[in-house]
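Beneath this line is the structure, given in structure tokens, with notes to follow.
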Amino acid sequence: MRKAEPPTRDEAAASAARPVGAAAAVRFEHAAARLGGRTIWDDVSLTVDHGEFVAVLGPNGAGKSTLIKAILGLQPVSAGTATVLGLRPGAAKARIGYLPQRHNFDSSIRVRGIDLVQLGLNGTRWGLPLPGLPQRARESRRIEEVLELVDAADYARRPIGELSGGEQQRLLIAQALVRRPELLLLDEPLDSLDLPNQAAIASLVRRICRQEQVAVLLVAHDINPILSYLDRVVYLAGGGAIEGAPEEVISSATLSRLYGAPIEVLRASDGRLVVVGQPEAPFVHGDRHAHGHG
């Protein structure tokens, strides 16, 4: 793993608040997933700890979406073991924040950003009401807290359709965070954003990881805008997975071993990593990324 940066005062306090010996946020051991009789990935072992920022990468059809579904308990593992926040997948919904693939908000939509965030509190799918103060006061306080956390307070009362893609994504992340999750799953949150906004969102997610001690799994196509913010990478390909520090995983030797074929990792003139010789992944029925989002 990369040498970690010294913790800030907020990070140290958040780490100290987590019980010693707390279960990993996600742990798969020799896990496999099958869809329609076809093995998507097999013998996958990975661990994501609290406060870690981990990217899930791989070619189209490699099973990135299936991995997220398995963590949510929507796709059972067919072999091996899987635990999420110390429980079987699907048993800790109240403690998970989930942001599906990006919505496109038409400019005519007049719903305010703050109302979108409030939906994360009022919905019953992911969690329970907050304890303590009367409900309305609790909700208002938490919404303001999370808007400040994602730096969206200045525009949260504007219609969502009038906001930029980066502003909309911050509000969607706020919605996923509003119930104080311990695990945050982000499915292609950088899709359709320009490079400066991709880097800004990655920086925001890193800060949330450290400040809130939230474990984050972020599905992405391109590691370059987020490379400097990551703790580890999970790379899915060829029916298997490799996890480790980004510079260890995104290398010619490691990816060639994973694919079982010669793979070359080059750095383009603009600094972006390019994976050369990558075999085409087969279409996987039931994996919604298989047609273009892996």
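Things worth noting here:
- Spin-label pair residue 211/residue 23, simplified geometry with 7 Å Cα→Cβ offset, distance in nm: 2.9
- Three-way shape call for the range 132-236 based on the alpha-carbon gyration tensor, with the a/c threshold at 1.5: oblate
- If you plug the beta carbon distance of residue 45 and residue 264 into 1/(1 + (r/R0)^6) with R0 = 22 Å, you get a FRET efficiency near 0.25.
- Amide H to amide H distances under 5 Å link residue 112 with 160, where only residues 5 or more positions off or on other chains count and H is placed in the peptide plane.
- Placing +1 on the Cβ of every Lys and Arg and -1 on the Cβ of every Asp and Glu, with no other charges, gives the range 179-234 a dipole of roughly 340 debye about its Cα centre.
- For residue 184, the amide hydrogen comes within under 5 Å of the amide hydrogens of 97, 215, 216, 217, counting only partners 5 or more places away or on other chains and with H modelled in the peptide plane.
- Per-residue HN-Hα couplings for the range 83-93 [Karplus 6.51, -1.76, 1.60; θ = phi - 60°; Hz; x = Gly/Pro]: 10, 10, 6, x, 10, 5, x, x, 8, 10, 4
- Spin-label model, residue 81/residue 276: points 7 Å from Cα along the beta carbon direction are separated by 4.4 nm.
- Theoretical FRET efficiency, 1/(1+(r/R0)^6), r = Cβ-Cβ of residue 154 and residue 101, R0 30 Å, to 0.05: 0.70
- Where only alpha carbons of the range 178-253 are counted, the Rg and the Dmax (Å): 13.0, 42
All of the numbers you see were taken from the coordinates with simple rules; none came from a lab. Not measured: the values here are computed from a predicted model. Here the Cβ is made from the backbone with ideal geometry for all residues, glycine too, and neighbour counts use every protein chain on show.
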